[in-house]
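Please treat every number below as a calculation from the coordinates, not as lab data. Not measured: the values here are computed from a predicted model. Cβ sites come from the backbone with ideal geometry, for glycine too, and all protein chains shown count toward neighbours.
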Amino acid sequence: MITQIADFLCGYPLFILLIGGGFFLFFYSGMVSLRRLPDAMRVLRDRHSRESGNQISSLQAATVGMGNIAGVAIALVMGGPGAIFWMWVSALVGMSTKFHEGVLTTRYKVALPDGTPAGGTMHIIDRGLGPRWHWLAVTFAVAGMFGTLCIMNANQLTEAVVATFTTPQWLGSNHFISTLASASGWSHLSVFRLIVGLSIAVVVTLVVIGGVRRIAHVATWLVPFMVGLYFLSVLYIVVTHISEVPEVFRSIFTEAFSLRAGWGALAGIAIIGARRAALVNDAGVGTATIMHGASTNTNPAREGLIAMLGPGIDSGLVCTLTALAILLCGDIEAAGGIKGLEVAMGAFGKAIPYGEYLLMLIVLCFALSSMFSYSFYGRRCAAYLFGEKRARAYTWFFIATMVIFAVIPLGIAVGFCDLFYALMAFPTMITLLLLRKEVRQEIKKFSTF
């Protein structure tokens, strides 16, 4: 049932909202994501983007997640090479969308009882649209509590561990796992996935209980390391298969507009690309409004510039690297069913000696970075609904669900994640479209930097 509802909402409705609405904001803002890209790079280097005061800085608010690998692999298996083109389209319009998110969340942020700033789509709605739209703010907050659970992260990290370190023979011969399997009636694989899920929960607990400051500092160290290592790995794959690269790009463009299977198939490929891009860069979903709303920066336009770089890095650079590696060395045709990291691990293992272990390290960093950030997103939504004190219980709920999502099948995890992402995207995009004039006012202040 969850999968069927997600497939409906994430079909034409979400595609029209994210891509259609994103293009409208792109042109209404005067193509801000292209014209102001040099300004964004300049602001990124500015010391004010790096200083965090007593909360988090603009730079620390920028996040990169594991969807950059798993999301791309799933898109390729489900939609073929053409889905990557539509992820690029989503990156272009997503940069403009995230600019609007960064501007509005800074403009309408609130102060918590201890004086620290907080933001999010729910606060933008309440303060920007007024009380009669409060129901929309509640809708976003409820969807945000569930949508930002570690659904894909826990599931795909567990899949990576299983694919890298286990074999059926090893699972069957391990006395501890066999004992637990006999006692619980579960399969050996399910028991091992449960153990991995518990281990992930312990590691994440040590970080998230330290609050947003610890989350930001850990993410600031992890993100540059994992992106750099991943870039070098894919560069090696590209260089060693350089003669095949032109054919890969040809397949991306030809499959993106192929009419061999009719217009319905073309629309399906576009929707898959946009759907997976939403999971990767979060543009229009609203998570950016929560993290950038916690920044100490008080200049809406400056925060918008920092926010808009995210989709360019996520769906533009990092996802292209993933697609190149998989299309050069992976086998998306023989994957069968919905597959994610398993396909990427196979590609890296084939191209690089011990490549599956190298990707395992990178995946671990991507996954942990996402988990730390997501715990903060969900808690802010819970605090909005139930108050700061009661929101503490959400952190433990968040940690407990990691064990559940480590065990469930990937298809269910994808459906669950997509469903709540869609329910977050609708309130966020509606709000951005209704408040677009306020963003345009901030754009006129660029010259004051």
Report task. Identify all lysines with a Cα-Cα distance to residue 445 below 29 Å; exclude those on the same chain that are fewer than 8 residues away in sequence. Result -> 98, 109, 437
Query raised in the report: Residues with beta-carbon under 15 Å from that of residue 109, excluding residue 109: net charge, scoring Lys, Arg +1 and Asp, Glu -1?
Result: -2
Query - Environment charge at residue 311 (Cβ cut-off 12 Å; Lys +1, Arg +1, Asp -1, Glu -1) - result: -2
Query - For region 420-428, 3J(HN,Hα) per residue [Karplus equation, 6.51 cos²θ - 1.76 cosθ + 1.60, θ = phi - 60°, Hz, x = Gly/Pro] - result: 6, 5, 5, 5, 7, 5, 4, x, 5
Query raised in the report: Under a Cβ-Cβ cut-off of 13 Å, what is the net charge of the residues other than residue 431 that fall near it, where Lys and Arg count +1 and Asp and Glu count -1?
Result: +1
Report summary line: Cα convex hull volume per residue for region 67-218, in Å³, equals 192 Å³
**Report entry** ³J(HN,Hα), Karplus 6.51/-1.76/1.60, whole Hz, each residue of region 226-239, x for Gly, Pro
**Finding:** 6, 5, x, 5, 5, 4, 5, 5, 5, 4, 4, 5, 5, 5
Query raised in the report: Hey, fewest Cβ within 10 Å first, where do 85, 24, 140 land in order?
Result: 24, 85, 140
Query raised in the report: Among the aspartates and glutamates, which have Cα under 20 Å from the Cα of residue 389 when same-chain residues fewer than 8 positions away are ignored?
Result: 114
**Report entry** From phi via Karplus (6.51, -1.76, 1.60), per-residue ³J(HN,Hα) for region 377-384 in Hz, x at Gly/Pro
**Finding:** 4, x, 5, 5, 5, 5, 5, 5
